[in-house]
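Here is the structure we will look at.
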4 protein chains.
Amino acid sequence: MTKIAVVGLGNMGRPMSLNMAKAGHEVIGWDLSPAAREAFTKDGGRVGNGLEAVLDSADFLMTMVPAGPQVRSAYLDDGGILSHASKDTLLIDSSTIDVETSRAVNQAATAAGYQMVDAPVSGAVPAAEAATLTFMVGGTKEAFDRAKPILEAMGKNIIHAGPAGTGQAAKICNNMVAGTNMAVLCESFVLGQKLGLDPQVIFDVISKSSGQSWALNSYCPVPGLVSTAPSNQNYKAGFAARLMTKDMTLAQQAAQTAGVATPLAAQARAMYQMMVNSGAGDKDFSAIYEMLAEDRSS
Amino acid sequence: MTKIAVVGLGNMGRPMSLNMAKAGHEVIGWDLSPAAREAFTKDGGRVGNGLEAVLDSADFLMTMVPAGPQVRSAYLDDGGILSHASKDTLLIDSSTIDVETSRAVNQAATAAGYQMVDAPVSGAVPAAEAATLTFMVGGTKEAFDRAKPILEAMGKNIIHAGPAGTGQAAKICNNMVAGTNMAVLCESFVLGQKLGLDPQVIFDVISKSSGQSWALNSYCPVPGLVSTAPSNQNYKAGFAARLMTKDMTLAQQAAQTAGVATPLAAQARAMYQMMVNSGAGDKDFSAIYEMLAEDRSS
Amino acid sequence: MTKIAVVGLGNMGRPMSLNMAKAGHEVIGWDLSPAAREAFTKDGGRVGNGLEAVLDSADFLMTMVPAGPQVRSAYLDDGGILSHASKDTLLIDSSTIDVETSRAVNQAATAAGYQMVDAPVSGAVPAAEAATLTFMVGGTKEAFDRAKPILEAMGKNIIHAGPAGTGQAAKICNNMVAGTNMAVLCESFVLGQKLGLDPQVIFDVISKSSGQSWALNSYCPVPGLVSTAPSNQNYKAGFAARLMTKDMTLAQQAAQTAGVATPLAAQARAMYQMMVNSGAGDKDFSAIYEMLAEDRSS
Amino acid sequence: MTKIAVVGLGNMGRPMSLNMAKAGHEVIGWDLSPAAREAFTKDGGRVGNGLEAVLDSADFLMTMVPAGPQVRSAYLDDGGILSHASKDTLLIDSSTIDVETSRAVNQAATAAGYQMVDAPVSGAVPAAEAATLTFMVGGTKEAFDRAKPILEAMGKNIIHAGPAGTGQAAKICNNMVAGTNMAVLCESFVLGQKLGLDPQVIFDVISKSSGQSWALNSYCPVPGLVSTAPSNQNYKAGFAARLMTKDMTLAQQAAQTAGVATPLAAQARAMYQMMVNSGAGDKDFSAIYEMLAEDRSS
């Protein structure tokens, strides 16, 4: 039986861990927050007695924490993962973080004799619960091959993106496109209606033309056109604007470090930040339509 | 036999006219340019003896000219179409022009007792030659129904967008999305490669994720990934950047008149304008990738 | 005694006319709106008996109307100014309108034998009342020299910008800069305060450094720093966001027609449009600070 | 006699150190690069025998290095400044770096018992040579008061911006405005000339109107209007586009961390990045005019 240690039992980490247990693995979790540990136990998960105990003789370690500083701290702090894990434990970081930190932690782990992959996911809580996440994995082919069977207990697409850090890179490259596509689509829906077009006509034309996108077909921002879209449930996320802002910010940080000009993605990030600052950060990111459609001009 | 008068025998008007003739209609064309008339004759078309003669007992009149001022002039000038056409002639303007002019000319024609539709196309010269254009039609249901059989000789999707002007509106609403989707996709390809991703991996990830779009699947801007994309033929248009700039400008004009904020489409228009000004206006619009990928920084 | 006909007796045209009368000229006004005519009479102005009567033996004609279509109509309609004015009347259009219309009307007037200048103003109602407007004048040197003494009764800077249309061009070139400078300054004030800077420190640093601008020194968007700025009177215009949006839109229209890429001014226009659409269009344009400073993110 | 240790003897650190020596202080420098040490010696400076020797009994330590990681490393590495300096040495970091690193290093220094200020400068090499720099200083009032007399040997404006990190904050808040003001000014000059305005007229109008800025008056981007501007020396920096890109990137990083939306500054950063990527990074930032003015469209 494979033993898997998990650090980070939040909204994503909890169902992901439960799915690994359901697949027959021995899963022991840990979280700095007592409330998160309790929620995991309540759902039938097993919590260990501190980080060191959790890591003891684990075949795999998966981290799922909010951001780069937490990843850095979880792995590199005195008493952190690299202090306690066996060199045989394969390290998997599924957090969505900045490329630079991801590479730096991987490098430290590799230097210390570990194999490690970055494996951020796309798909939100429902996909985590349904074990239908997509994993974008950065690391050596060997590490990827070792991690794959474990990831398959949680997702259905497991993609090897390339060397360390490219899992993170692939995720932000996709999300910066998704966020921008959505926002310009909303601009178009607002404009079209002002020009006298019925939203259904706009949908019909664009979905069959050069403007077609996943944003339109799956997450159509105007209610009444795509029944499964968050817009039909009062923009209940889905993928919250707060998270889209986080990912678009990670993309901007990477672009700035890499010396790349991304005028549109930079602009779209600012728009989602305005949406978050207006108090709508918990709504689905397609609710940026409401911000653009507002008209109290007269 | 149905008689169809055509005004405007350029790169688009010529093959469209020939397709109507091929479908069994009697087609007589006119163009202010002797060279265009000659080219039409050479291709087997029939040219009339001036505008008045061309319009004589025509059942339909189609115009296909470069921009709003030419449409206004063709219909409204003394000695123009409204001076000579019979009230029974159905007027079809297939030019891509600004919504305001389109509505104004339709209004003048309607006031003078004509039925008229705006019917801009999507699809470039190859689609015009293959009779596979998409028509987005604005006008009354009755006028649309009359025009439809004629348009079917030139295209395969004939969409009734709504009242007068909405054909133009539908086209620009789609194209502003297409242009922006493409440009941000290029930003993503540039960034991804700088972060160590193989273009094929970027394609694979985005095409199956929330960033998916027609721009990626059909017109992938990086060579070597989609065999039929213009990028594989050194960015031979396809849809020229010059034309995308024109359409995105029409969208901006409409947005400004309508009091709509379109931050991303405004930005994308500026980027295509820079591309045109750099001398690349005749390349396919996906060649904006080259502008964003340029790096002579060191 | 010089006779001056005025068409357009709104918030600007009224005080400007009164100042010309105060300077000793015979001023007769006209406006399509009975309310505007009445208000003018109440303030001591003289209203004529229709356009033809007003124009009779006038040495000068000044128009001050809202936008391009009204200018076109006022001059070119049957029964309009060109139908009734003597060829000796110098035509002055002080409306702020698009460059294209300005040139077209000037061309028509010139072809009909008139001298005409475009002479838009900068400075709002208070400057109109105090006769301290700035006039940017487009037209021949001869026409400029004729108009200058009349304009001096209403303003203190009378600038000859060049040939017909350049008065309008000069105004929008300035205003697109003013609007963008203000908006980025607001971004900086928001950021600086989040980073722990006192607004007074931000003011002191920028006002003595490379970020200095009129926007900071005269219209500082944060209250409490420049006593005469609109921000100190709850953003009472000053120069209303609605008007800034209008002028930045005119600049965009000119840029689009001229094939110029103006990424920042395009972006700033969209931001002011969002501000107007949020219901704040009557506030001073510096109130865009409030939109950017909003933070209800937590 | 006051003893001052300097780490970082590059284009800025070298003349700054020489000015402190000229003011009567005992200055000993250090740089990891032998070439930089040699250049300093050649100019009459005194180089110490390694970091530890340089720090020995220094009253002040000033660092002037390229970016955040170097600052972090210089102070925090084993064998770095905090390992060797006496607690009485006042630490001054004059590098321009990100706010987060600046605060983190200050915090570490304070926790270790030091007083420290961040004191980035505005003004380039000529101002460093002429001792006319502006210093924006973050730290306690006490530390500021200690540092001030030393800084006065190198600059003429010494501003206390607030607590630790605000020196950096003040600098980027100014520079993001300066960069954006310049770029939109260039857009306006390009547009104005296309509309028929003489550049001198554009200058005259804007410099007296609401678009006025330092960018226009001091660094006018069009040659021939302001004799001392870099544009008159073929855009010889001045303030290189490369450095403006760096500072605007620092501003974006701070904005992203702080959750602030800065649509215009984000856009302007992308534009300067494009300029750098086109190979013009060493030119003055006002040369962005050349990028916007390019027109090979026909």
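Brief remarks follow.
- Where labels lie 7 Å past Cα in the beta-carbon direction, separation of A:D282 and A:L32 in nm: 2.3 nm
- Ranked by how many other beta carbons lie within 10 Å on average, peptides A:115-124, C:13-22 from highest: A:115-124, C:13-22
- With the gyration tensor restricted to C-alpha atoms of the protein assembly as shown, the semi-axes of the equivalent ellipsoid amount to 55, 42, 25 Å, longest first.
- Point-charge dipole on Cβ atoms (K/R +1, D/E -1) for the protein assembly as shown, about Cα centre, debye to 20: 0 debye
- Note on chain D: antiparallel DSSP beta bridges, both residues inside, total approximately 20 percent of the bridges counted.
- Value of relative contact order over chain C, rounded to a whole percent, pairs C-alpha under 8 Å and six or more apart: 13 percent
- For B:Y272, net neighbour charge (Lys/Arg +1, Asp/Glu -1) across residues whose Cβ lies under 12 Å away: +2
- Placing +1 on the Cβ of every Lys and Arg and -1 on the Cβ of every Asp and Glu, with no other charges, gives chain A a dipole of roughly 260 debye about its Cα centre.
- All aspartates and glutamates inside 15 Å of D:K141 as judged from Cα atoms, apart from same-chain residues fewer than 8 positions distant: C:D198, D:D118
- Set of lysines with alpha-carbon distance to D:K87 below 17 Å, sequence-local pairs under 8 removed: D:K3
- Shielding of peptide A:248-259 by partners, expressed as the average count of other chain Cβ atoms within 10 Å per residue Cβ, is 6.
- Using R0 = 60 Å, the C-beta based FRET efficiency linking B:V125 and C:N11 works out to 0.70.
- Based on DSSP H segments of at least four residues, each scored -39500 (n - 2.57), the protein assembly as shown has a per-residue ellipticity at 222 nm of -15000 deg cm²/dmol.
- Inter-copy separations for D:P66, label at 7 Å along Cα-Cβ, nm, ascending: 3.4, 5.0, 5.8
- When the charge dipole of the range A:171-281 is built from unit charges on Cβ atoms (+1 for Lys and Arg, -1 for Asp and Glu) and taken about the Cα centre, the candidate among A:P223, A:F189, A:N175 whose Cα reaches farthest toward its positive end is A:N175.
- 26 Å Cα cut-off, lysine pairs counted over the range D:169-293 (separation 8 or more, or different chains): 9
- Distance between the pseudo-spin-label points of A:K141 and C:R296 (7 Å out from Cα toward the beta carbon): 5.5 nm.
- Peptide B:276-286 shows a mean partner chain C-beta count of 3 within 10 Å per residue C-beta.
- Between the residues D:G48, D:G80, D:A35, the greatest Cα displacement towards the positive end of the dipole of the range D:29-95, with unit charges on the Cβ of Lys, Arg, Asp and Glu, is found for D:A35.
- Residue order, fewest to most beta carbons within 10 Å, for A:D204, B:D31, A:D145, B:D93: A:D145, A:D204, B:D31, B:D93
Where a number appears in this text, it was derived from the coordinates with a stated rule and is not lab data. Note that the structure is predicted; figures quoted are calculated from it, not measured. FYI the Cβ positions are ideal-geometry reconstructions off the backbone, even for glycines, and counts take in every protein chain you see.
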